[in-house]
Amino acid sequence: MTVCLLLLSIVALTAALPVPRLLTRAAWPEREPVVGLWVWQCLVATVLLSCLTALVLGAAAVFQTVRAQVFAPAPAAVTAAYDLSTAPTWAVALTLLLACGAAWTGAMLARELFEARRRRLRARTVLNERAPDLPAGLPAARGPLLVLEDEYPDAWWMPGHPPQLVVTTGALQRLTDHQLDAVLTHERGHARARHDWLVHLSTALATGFPHIPLFAHFCDQTRRLVELAADDTASRRCGHLTTALALIELNQHRGVLSCASSNRLLGERVDRLLEPPPRLGRRDRALTTTAAALVPLLPLLITFAPGLTALS
């Protein structure tokens, strides 16, 4: 058990500290944002699985009740292989620390989901005031696409039940048909990939553990890569130039494309669309995706190795 806890701690610390810094310096996620998002998710899953399995092993060693529940169906040889009879002081401290971390993580996730739901309800209330339902007896005019009377050009996807795509008349006047199609395709790309859930998860982890590099970088990179991925979805359908012009038309009045603006992401997105970087080869994409998917299996392998060895 002691060896397992040490190995799990090494895996978690490696995935949480040096690896994120290396990944943020890499240039290839900009070329393949979907693969980049997958790699970040696998890194986070590795850390969470390492902590969870270490918590279970530590609790089984410290608390007899937990040990009886976890190893109840296991043969005696498997239980003996983990050597749970005595737990060193540092293992007890690690178990308590992991238990507090697990409770705090759950609290942060619940808080983020609650805040997101409250923001969504507030936005729907404002939307209902600006676009009220028709009186009873008249056909419903509200569908998946809602047009708001507003000279301010904007378009956004509102998740929920039912989800809704909202566009203002200012955007309809400013954009050409092809540019509008690019904007709507961009927003539908967010909806199909459920980027809102990924943003909620990364925000909750970064809020709960702001000093852990993995979670801080995961939040920043998620917000960046989901936009690049949605841009790619739009550009594949409508073309890179059309998508770039649509972004410029929607945002130039806000000043976010100026050199003095603190919002650099939009300028980077436009530059990327005007000069699209070459994609990774199919083989490189497959290798990167497969390798990232195998990394979260490492803590499971470490955890089950003593038991599997005892059974062999």
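The values are calculated or read from the model by the stated rules, or taken from the named source; none is laboratory data. This one's a predicted model, so the numbers in the text were calculated from it and none came from an experiment. Every residue, glycine as well, gets a Cβ built from its backbone with ideal geometry; the counts of neighbours run over all protein chains shown. Please note that ligands, DNA and RNA were not included when accessible areas were found on the heavy atoms of the full protein model with its side chains. Shrake-Rupley method; radii C 1.70, N 1.55, O 1.52, S 1.80 Å.
Being outside any helix (DSSP H, G or I) and open to solvent by 20 Å² or more (accessible area, probe 1.4 Å): is that true of HIS200 here?
Answer is no for this residue.
Listed residues LEU175, LEU180, LEU214; which is touching a Leu at 6+ places or on another chain (Cβ under 8 Å) and under 28 Å from PHE114 (Cα atoms)?
LEU214
Do you know which residues across the stretch 294-308 are over 14 Å from VAL3 (Cα atoms) and modelled with pLDDT under 90?
Hit for the stretch 294-308 is LEU308, nothing else.
Which one is nearest to LEU13 (Cα to Cα) among residues in the stretch 281-292 that are of a type outside the set (Val, Ile, Thr) and open to solvent by 40 Å² or more (accessible area, probe 1.4 Å)?
Among residues in the stretch 281-292 that are of a type outside the set (Val, Ile, Thr) and open to solvent by 40 Å² or more (accessible area, probe 1.4 Å), the one nearest to LEU13 (Cα to Cα) is ALA291.
Can you name the helices (runs of 4 or more DSSP H) wholly within the stretch 204-312 that have at least 3 residues being within 30 Å of VAL47 (Cα to Cα)?
It comes to 213-238, 282-294, 297-311.
Consider LEU37 carefully, then state whether it is surrounded by 22 or more Cβ atoms within 10 Å (Cβ to Cβ) and closer than 30 Å to ARG272 by Cα.
yes
Consider the stretch 251-280. How many of its residues are open to solvent by less than 60 Å² (accessible area, probe 1.4 Å), modelled with pLDDT under 90 and not polar (S, T, N, Q)?
Qualifying residue count for the region: 5.
Identify all residues within the stretch 101-130 that are of a type in the set (A, V, I, L, M, F, W, C) and either within 26 Å of LEU48 (Cβ to Cβ) or in contact with an Asp or Glu (Cβ under 9 Å, 6 or more places away or on another chain) (or both); write none if there are none.
Result: ALA102, ALA103, TRP104, ALA107, MET108, LEU109, ALA110, LEU113, PHE114, ALA116.
For the stretch 156-184, enumerate the residues that are of a type in the set (Gly, Ala, Ser) and under 22 Å from the mean Cα position of the chain (by Cα).
GLY160
All but one of (1) in contact (Cβ under 8 Å) with a residue 40 or more places away in the chain; (2) open to solvent by 50 Å² or more (accessible area, probe 1.4 Å); (3) closer than 21 Å to LEU52 by Cα hold for LEU214, so report the exception by its number.
With respect to (1) in contact (Cβ under 8 Å) with a residue 40 or more places away in the chain; (2) open to solvent by 50 Å² or more (accessible area, probe 1.4 Å); (3) closer than 21 Å to LEU52 by Cα, LEU214 is out only on (2).
Across the stretch 87-110, what is the number of residues that are over 34 Å from the mean Cα position of the chain (by Cα) and free of Cβ contacts under 8 Å to residues at least 24 places away in the same chain?
Total satisfying the criteria: 1.
Which residue is farthest from ARG192 (Cα to Cα), if the candidates are limited to the stretch 220-244 and must be of a type in the set (A, V, I, L, M, F, W, C) and either without any contact (Cβ under 8 Å) to a residue 24 or more places away in the chain or out of contact with any His (no Cβ under 7 Å at 6 or more places or on another chain) (or both)?
Once the filter is applied, the top-ranked residue is LEU241.
Return the residue satisfying two criteria in turn: it lies in the stretch 122-136 and is open to solvent by 100 Å² or more (accessible area, probe 1.4 Å), part of a helix (DSSP H, G or I) and at pLDDT below 85, and of such residues it is farthest from GLU149 (Cα to Cα).
Among those that are open to solvent by 100 Å² or more (accessible area, probe 1.4 Å), part of a helix (DSSP H, G or I) and at pLDDT below 85, it is GLU129.
With in contact with a helix residue (DSSP H, G or I) (Cβ under 6 Å, 6 or more places away or on another chain) and exposed (fewer than 15 other Cβ atoms within 10 Å of the Cβ) as the only criterion, which of ALA77, ALA60, ALA27 stands out?
So the residue among ALA77, ALA60, ALA27 that is in contact with a helix residue (DSSP H, G or I) (Cβ under 6 Å, 6 or more places away or on another chain) and exposed (fewer than 15 other Cβ atoms within 10 Å of the Cβ) is ALA77.
When GLN173 is evaluated against the numbered criteria (1) open to solvent by 20 Å² or more (accessible area, probe 1.4 Å); (2) among the polar types (S, T, N, Q); (3) at pLDDT 95 or above, which criterion, by number, is the only one it fails?
For GLN173, the exception is condition (3).
Take the residues of the stretch 142-164 that are touching a helix residue (DSSP H, G or I) at 6+ places or on another chain (Cβ under 7 Å) and open to solvent by 80 Å² or more (accessible area, probe 1.4 Å): which is farthest from ARG119 (Cα to Cα)?
Looking at the filtered set, the residue picked out is GLU151.
Which one is most open to solvent (accessible area, probe 1.4 Å) among residues in the stretch 179-195 that are farther than 16 Å from ALA155 by Cα and assigned to a helix (DSSP H, G or I)?
ARG192
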